[in-house]
Amino acid sequence: MATRKGPRPKHIPVRTCIACRQPQAKRQLVRVVRTVLGQVQVDLTGKKAGRGAYLCPTRACWELALRKKMLEHALQTSISPEDRLELDKYIESLPEVL
């Protein structure tokens, strides 16, 4: 009969970046959400209601996802010019690589 030694390890949720396809801990990625109103927004809390997609916090992944329309495909919507401006502002704050 096997007995456990010590506490059970904590479960860490894993998500995959839609651009580079690298699985990482959910908290290390940035969630982008399509809200119920159809807006595309960065969700820093990870808790907004709507369809979500995850990206690495690097400029390269974000630019690739937008250039190849990976984000639009993952969120099943087109990105409005207003939402694109907000995403571009966010991208400017990101580092080139980690």
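Positive contributions from Lys and Arg (+1) and negative ones from Asp and Glu (-1), summed over other residues with Cβ under 13 Å from the Cβ of residue 70, come out at +2. Were the residues from residue 78 through residue 8 laid out at 0.36 nm apart, the gain over their Cα-Cα distance would be 20.9 nm. Rg and Dmax of the chain, both derived from C-alpha coordinates alone, stand at 16.2, 62 Å. Look at the alpha carbon pairs under 8 Å that are at least 6 residues apart: their mean separation over the length of the chain gives a relative contact order of 25 percent. Mean-square fluctuations from a GNM of the chain, with a 10 angstrom spring cutoff on Cα atoms, peak among 35, 45, 77 at 45. Tilt of helix 81-92 relative to the longest C-alpha principal axis of the chain, in degrees (0 to 90, nearest 10)? Rounded to the nearest ten degrees, it is 60. Ellipticity at 222 nm from helices only: DSSP H runs of n ≥ 4 in the chain, each -39500 (n - 2.57), divided by the residue count, give -8000 deg cm²/dmol.
Residues 8, 21, 31, arranged from fewest to most other Cβ atoms within 10 angstrom of their Cβ, appear as 8, 21, 31. Which residue fluctuates most in the GNM of the chain (Cα springs below 10 Å): 24, 76, 41? Result for the chain, Cα springs under 10 Å: 76 fluctuates most. For residue 89, the lysines whose Cα comes closer than 19 Å to its Cα, not counting residues fewer than 8 places off in the same chain, are 68, 69.
Exposure proxy ranking for 29, 66, based on other Cβ atoms within 10 angstrom of each Cβ and starting from the fewest, stands as 66, 29. Using a cutoff of 8 angstrom between alpha carbon atoms and counting only pairs six or more residues apart, the relative contact order for the range 1-56 works out to 31 percent.
Throughout, read-outs are computed from the coordinates displayed, never taken from laboratory work. Owing to the predicted nature of the structure, the values given are computational and were not obtained by experimental measurement. Using ideal geometry, Cβ is built from the backbone for each residue, glycine included, and neighbour counts are taken over all protein chains shown.
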